[in-house]
Amino acid sequence: MGTNDPRQAELLEKIRQGIDSALGITGMIGGRFIACSKQLRVEPGTEAFTLLSGEIANLGDLLALVQEIRKGVGFLADRTVTADAFVSWEKSIPLFREIIAALEGKDWITLADLMQYELAPLLEAGEKELAGVRELLA
Amino acid sequence: MELIRSPKGHHSLRVTCPDGTARMLHSLYGPEEEATALVDAFDPGGARFVVVLGLGLGFHVAELCRRYPATELIVIEGKAEIRDLCGKHGKADRFSEKVHLVVGSSPLDAVSEISRLHLRAGLPPLAVFPFAPEVAAFPEYYGPIRGALDRTVSVRLWDRLRYPKFRGEALTVALFDFGYFLTEEIARAARALGHSVVRVPGEKGESLGDMLGRAIETIAAHRPDFFLTVNHLGFDEDGVLANLFRSIEMPAAIWYVDSPNVVVKAFPRNATPYSAVFIWDEGYLGELRSLGFENVSYLPLAADETVFRRRSLSPQETRKLGTAVGFVGDSMVVPARDHLRKVPVELHAAVERAAHRLQGTRGVPIAESVGESMEPAEREAFETLAEKGKSDLEAAVLCRATLLYRLSCLRELWEFNPCIRGDDGWKGLVSGNFRVAPRLNYYKELPLFYNACRLNFNATSVQMGKAVNQRVFDVPACGAFLLTDHQEAIEALFEVGKEVVTYRERGEIAELSRYYLREDDARKALAERGRRRVLSEHTYRHRIGGIVRFMRTVYG
């Protein structure tokens, strides 16, 4: 994708950089959530909570970044990237709320299930979506 | 509590915790994979006894059974409802016979039950498997149990209780003390031989836990070389203490000075390689070995020479106690009557016939004597009795036979105005020349009485097939003269006719008594030789020395 508008070009570059950053950490965060869920099932102790708190903060940052990317894509003049390119990321927002609720209720098994069987696959799908978007914006 | 079924068909439980939160106990996506991961993360460290805290729907228990088929799994579950749901919707059908559920007990009772089962298993190394979601959901319940178990594991009690023994010349002997008369004599003798004695007090009827607790405390605090008890006192029917001793390689010497039949038949689980049984009557040796006891030895009774010794009597004591012929013993009227009451009336005549048959013989097994005395109808009625009923009948026969035997012997002494020291039952059996006086205190009065009698007469209980009783040692220890029935065992213990005098038939009693009452010098010389024999071979020091030598040889 190319443009002669310098402001559009700058936005496009920032979106590309944002996507590259998100792609760099999404897989790692997903893997660490799976490790965290295993730890929670066996021994929901201090170690698991510390790991979990860090990953939840990282996930929050990642979701905020993807939101920014999504917003940025909306400002692009070229409409090649459609809104449904971020469908998995949309689903992750209510899931994130469920995770927080399970954490607050100390429902460790539900929390582990959500992370292992819902969140991790969703992040994997979201990663693929981002990669697709990045390709369209190349 | 709510049973949840996932779209994939898996079951889980959602429980409401004391803090009001609702929590899931199993994954709704992969409960079996979850159980596998839980068991993967568990390291039993070689333990063969695992306590599982929390049952849930049993996924993890089934996996533990699969992975550790030889391990005892004690599963603690606070809620009966969870146990029921596990049975209906969980994996209880995959549990092995090694799973023992403890459900609905208080934390304290659960710990006691775990301790009981652990001891019964012989205190093997123990590991704890906390089912994390349930332990986290109910910390008030599982927390104290886990704390108690963690302490047990960290202390590694079974290692502390196992240590090298018989290292020095002077040993430490742990002595069960139930107030039985022989306990004092044993303790004194062991100390006189240079050993330390630690008493482990006990009471009949107290809980097994109390007894075990004291035994373990004694082992941990005093590190005895072995335990010593009389008539298996301190041991339990289920063999829990014996199992513990086997597990920690603690030998126990058990000295039977009464018929072991009732006790050992009820205690088959006590037959372990670490139990050495000493029996005062050789007639029981074969029977004990057939019950599985590997180390069985003959060990006769003895005298405490510090209590039973030659005494100079004051004129007052001589007036009070002095007599030509004295007899000390129970008439058996009361025990014979009490045992007979437990026997069905239609068998009373058979008891009487068996008692008459038995009182004239020695060495005939009681069961044989009873069987041969019965009419066919009586035998049929006897066979319908439970084991307890049969042993009541045999006890009634033994008591009645002893009564008849002693009475017939004593009647041979009527011309000597014998003095009987015993129970009031004698008053209804003898009259005329016989004087019946109250029982005497064993430690304070009996030594004086033996010293005060010119002739001490003895008639052994029918229950003793070959052995000799306590009087055969106590009377000579006093330097007093003994006329006793000729039990087989006496030949190896004394030189008959030179140290003690025996009668083989009741018809000999009067003539022998007449002779030795008349021949003062012969009587006194014979009594003195008997005293020397007791002092050189038949004191409790000799017996305890024998036990110590045996224990050191076998277990040292």
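The values are calculated or read from the model by the stated rules, or taken from the named source; none is laboratory data. In this text, all values refer to a predicted model and were calculated from it rather than measured experimentally. Every residue, glycine as well, gets a Cβ built from its backbone with ideal geometry; the counts of neighbours run over all protein chains shown.
None of B:108, B:64 is more than 10 Å from every other protein chain (Cβ to nearest Cβ), farther than 28 Å from residue A:116 by Cα, in contact with a helix residue (DSSP H, G or I) (Cβ under 9 Å, 6 or more places away or on another chain) and part of a helix (DSSP H, G or I) except B:108.
Note on the stretch B:230-253: residues that are polar (S, T, N, Q) and crowded, with 23+ Cβ neighbours inside 10 Å amount to 0. Across the stretch B:1-15, the qualifying residues are those that are within 11 Å of chain A (Cβ to nearest Cβ) and assigned to a strand (DSSP E or B), and the one among them that is farthest from residue B:135 (Cα to Cα) is B:4. Of all residues in the stretch B:64-81, those satisfying the criterion of being crowded, with 19+ Cβ neighbours inside 10 Å, under 23 Å from residue B:1 (Cβ atoms) and not hydrophobic (A, V, I, L, M, F, W, C) are B:77, B:78.
Kindly indicate whether any position in the stretch B:315-324 is within 22 Å of the chain's Cα centre (by Cα), without any contact (Cβ under 8 Å) to a residue 60 or more places away in the chain and either within 30 Å of residue B:484 (Cβ to Cβ) or crowded, with 23+ Cβ neighbours inside 10 Å (or both). For the stretch B:315-324, residues within 22 Å of the chain's Cα centre (by Cα), without any contact (Cβ under 8 Å) to a residue 60 or more places away in the chain and either within 30 Å of residue B:484 (Cβ to Cβ) or crowded, with 23+ Cβ neighbours inside 10 Å (or both): absent. With respect to (1) within 14 Å of chain A (Cβ to nearest Cβ); (2) surrounded by 17 or more Cβ atoms within 10 Å (Cβ to Cβ); (3) touching a strand residue (DSSP E or B) at 6+ places or on another chain (Cβ under 9 Å), the lone exception for residue B:101 is condition (1).
Kindly establish whether residue B:293 is closer than 25 Å to residue B:531 by Cα and crowded, with 21+ Cβ neighbours inside 10 Å. It is false that residue B:293 is closer than 25 Å to residue B:531 by Cα and crowded, with 21+ Cβ neighbours inside 10 Å. Quick one: would you say residue B:70 is at pLDDT below 95, within 24 Å of residue B:117 (Cβ to Cβ), out of contact with any Pro (no Cβ under 7 Å at 6 or more places or on another chain) and more than 14 Å from chain A (Cβ to nearest Cβ)? So residue B:70 fits the description; yes. Once the stretch B:196-211 is narrowed to residues that are touching a Ser or Thr at 6+ places or on another chain (Cβ under 7 Å) and not in a helix (DSSP H, G or I), the residue that is surrounded by the most Cβ atoms within 10 Å (Cβ to Cβ) is B:200.
With respect to residue B:210, is the statement that it is without any contact (Cβ under 8 Å) to a residue 24 or more places away in the chain and either outside the structural domain of residue B:23 (by TED's automatic domain parsing) or of a type in the set (A, V, I, L, M, F, W, C) (or both) true? So residue B:210 fits the description; yes. Across the stretch B:177-186, a minimum of one residue is classified as touching a Leu at 6+ places or on another chain (Cβ under 9 Å), part of a loop (DSSP other than H, G, I, E, B) and surrounded by fewer than 19 Cβ atoms within 10 Å (Cβ to Cβ). How many of the residues in the stretch B:16-61 are small (Gly, Ala, Ser), in a loop (DSSP other than H, G, I, E, B) and either crowded, with 20+ Cβ neighbours inside 10 Å or more than 14 Å from chain A (Cβ to nearest Cβ) (or both)? Here the count works out to 7.
Note on the stretch B:240-305: enclosed helices (runs of 4 or more DSSP H) holding 3 or more residues that are over 30 Å from residue B:471 (Cα atoms) and at pLDDT below 90 are B:240-247. Does residue B:186 fit the bill of being at pLDDT 90 or above, farther than 30 Å from residue B:541 by Cβ and hydrophobic (A, V, I, L, M, F, W, C)? The answer is no for residue B:186. The listed residues are B:191, B:214, and the only one of them that is assigned to a helix (DSSP H, G or I), out of contact with any helix residue (DSSP H, G or I) (no Cβ under 7 Å at 6 or more places or on another chain) and modelled with pLDDT of 95 or more turns out to be B:191.
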